[in-house]
Amino acid sequence: LAALISLSFGGAVGLMFLMLGCALPQYNQYWPLFVLFFYILSPIPYCIARRLVDDTDATSNACKELAIFLTTGIVVSAFGLPIVFARAQLV
């Protein structure tokens, strides 16, 4: 329970800093809000795989592993997008 509470607190603090970074008048850039799409998209592949696959099998499942791989790609992209924006001088 403590891990879930600390994870939700960390997510709330991260979203607050993202909103502050976009809303402060000295920056006045709203491009970083595209990172929110990755926050929304990241649990979708695993939720679909969990719904499609029967969880009674004790061995590893290819569908779940593909979903974890896609989720990892989305999470890495969430870190990579601000780097690309910084290189393109949008942020």
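Summary of values
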read-out: The chain, dipole about Cα centre (Lys/Arg Cβ +1, Asp/Glu Cβ -1), debye to the nearest 20; value: 280 debye
read-out: Nitroxide proxy distance, nm - points 7 Å out along Cα→Cβ at A3 and Q29; value: 3.6 nm
read-out: Difference of contour (0.36 nm per residue) and Cα-Cα distance, N61 to R87; value: 5.5 nm
read-out: Surface accessible to a 1.4 Å probe, per residue, for the residues of the chain, Å²; value: 79 Å²
read-out: Percent carbon-and-sulfur accessible area, the chain, ignoring ligands, DNA and RNA, probe 1.4 Å; value: 72 percent
read-out: Spacing of the two label points (7 Å from each Cα toward its C-beta) at V76 and I48, in nm; value: 1.9 nm
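The values are calculated or read from the model by the stated rules, or taken from the named source; none is laboratory data. If you're wondering where the values come from, they're calculated on a predicted model, not measured in any experiment. Using ideal geometry, Cβ is built from the backbone for each residue, glycine included, and neighbour counts are taken over all protein chains shown. Side chains included, ligands, DNA and RNA excluded: accessible areas come from the protein's heavy atoms. Shrake-Rupley method; radii C 1.70, N 1.55, O 1.52, S 1.80 Å.
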